[in-house]
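I have placed the structure first, in the form of structure tokens, so that the comments after it can refer back to it.
Laboratory data are not the source of any read-out in this text; all were calculated from the coordinates shown. From a predicted model like this one, the values you see are computed outputs, not experimental measurements.
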Amino acid sequence: MEISIGPDNLSKMDFIKEGWRRQGENQPHRGAKSDERFKIFTAGEFTLSPELPEGQENWFSIDMEQFEAMPIKVKLKKDIINVFHRQSTTEPALSSS
């Protein structure tokens, strides 16, 4: 999987604009690959760990629902899910092997 990490100082409005730009182009990483503010990594798994002082809790909100910030491990597993998408004329079709 490709992971795109943006700048630390990206404003909320710039974050929203970037999301709409990527959605409109239907190319999630196209701008990030040519933008030096973004770092692109390829990985089979990764862990996100919030940096909090000992004993302190932190929460984040998605669609007005609260979630406790805690370490999250993401790992690709072969043949676990099927992803369907419309074929693009600019990218080769994915083949199942």
> At q = 0.11, 0.21, 0.22 Å⁻¹, what is the log10 ratio I(q)/I(0) for the stretch 2-75, with the Debye formula run over Cα points and no solvent?
Replying inline: -0.39, -1.20, -1.23
> Whole-Hz Karplus ³J(HN,Hα) for the stretch 8-20, in order, using 6.51 cos²θ - 1.76 cosθ + 1.60 and θ = phi - 60°, x for Gly and Pro?
Replying inline: 5, 9, 6, 6, 4, 5, 5, 4, 5, 4, 4, x, 5
